[in-house]
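The values are calculated or read from the model by the stated rules, or taken from the named source; none is laboratory data. What you see is a predicted model, and the numbers here were worked out from it, not measured in a lab. Glycine also receives a Cβ, built like all others from the backbone with ideal geometry; neighbour counts cover every protein chain displayed. Heads up: the accessible areas ignore ligands, DNA and RNA and are worked out on the full protein's heavy atoms, side chains in. Shrake-Rupley method; radii C 1.70, N 1.55, O 1.52, S 1.80 Å.
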Amino acid sequence: MELDGQVAIVTGGAQGIGRGIAEALASAGAAVAIFDVTAQAANDGTAAIAAAGRRAFALDVDVTDGARVDAAVNDVVARWGTLDVLVNNVGWTPNEPFADSAPDTWRRIVDVNYVGTLNGTRAALAVMVPRRSGRIVSIASDAARVGTPREAVYAGAKAAVIGFSKSLAAEVARHGITVNVVSPATVDTPLLRGMLTADQIERRQNANPMGRLGTPEDVAAAVLFFASPRAGYVTGQVLSVNGGVVRAG
């Protein structure tokens, strides 16, 4: 139970990758707060964690609203006394050619994937810096590292998350805070199933050297490492979790 007694926040933790991360952190001993705009799914996630004998609760949070994020982080600290781990997991994108996309869509993609990370991280640092301890892990995408057709704006927003995380890692290391990124490729989630056709999913699966898509549990294992005491001297790094389909340096 490497995280026993610690407190974690997972944004977008109601389903898919986020739920896998929330459950993994709870299994390692952490009390987990799920931030999500999908209230019922978030409550289902916390109920599953509670049924396993761990502490969890859900808050209705839109990560693009900085004031709401600040208030929710304060709620977590008021309930559990501290904050040790923040996982910026929220992500969203349509699947469409850039030339057919609209500026309103671009702004939404950037707000959810990048500004949401900024909001969550700033709120967490207000707690972590005075304590001189903390772990921040953001979920990016290998689309940011090598590019993916029909996801150009999303790839750009996730690339911003990577650049931000590397820069912030150098700023806050002196406070005992690490900042790292987990970068998945195609992960089998409800979001993916709603975004791609069955043929597109099958092509991605067949293109993977391991012959399968990633799972939320695959991504959660990498997050758990970065959140653990074993990663205390690891910061400013990007770890791809992709079955070998992308082999970027």
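The trypsin sites (Lys or Arg not before Pro) of the range 19-114 include none that meets both criteria, a DSSP state outside H, G, I, E and B (loop) and at most 15 other C-beta atoms within 10 angstrom of the site's C-beta. Counting only DSSP beta bridges with both residues in the chain, the antiparallel share comes to about 0 percent.
Its Cα centre serving as origin, the chain has a Cβ charge dipole (Lys and Arg +1, Asp and Glu -1) of approximately 660 debye. Normalised by residue count, the chain yields a Cα convex hull volume of 120 Å³ per residue.
Entry comment: accessible area of the chain is 43 Å² per residue, from protein heavy atoms only and a probe of 1.4 Å. The alpha-carbon positions of the range 50-152 define a convex hull whose volume is 133 Å³ per residue. Karplus-derived 3J(HN,Hα) values for the range 123-133, using 6.51 cos²θ - 1.76 cosθ + 1.60 with θ = phi - 60°, are 5, 5, 5, 4, 8, 6, 4, x, 7, 6, 6 Hz; glycine and proline are entered as x.
Working from the Cα coordinates of the range 55-103, the gyration tensor eigenvalues give, after taking √(5λ), semi-axes of 32, 12, 9 Å in decreasing order. Multiplying the residue separation of TYR233 and ALA50 by 0.36 nm and removing their Cα-Cα distance gives an extension gain of 62.7 nm. When the chain is treated as a Gaussian network with alpha carbon springs shorter than 10 Å, the biggest mean-square fluctuation among ASP84, ASP75, ASP62 belongs to ASP75.
Out of the chymotrypsin sites (Phe, Trp or Tyr not before Pro) in the range 199-249, which ones are loop residues according to DSSP with at most 14 other C-beta atoms within 10 Å? Walk me through the intermediate numbers first.
Values: sites: PHE225, PHE226, TYR233; in loops: TYR233.
Sites meeting the loop and neighbour criteria: TYR233.
For the chain, what % of the accessible area comes from carbon and sulfur atoms, probe 1.4 Å? Don't skip to the answer; put the middle values down first.
Numbers: 5660 of 10790 Å².
About 52 percent, which is the carbon plus sulfur part of the accessible surface.
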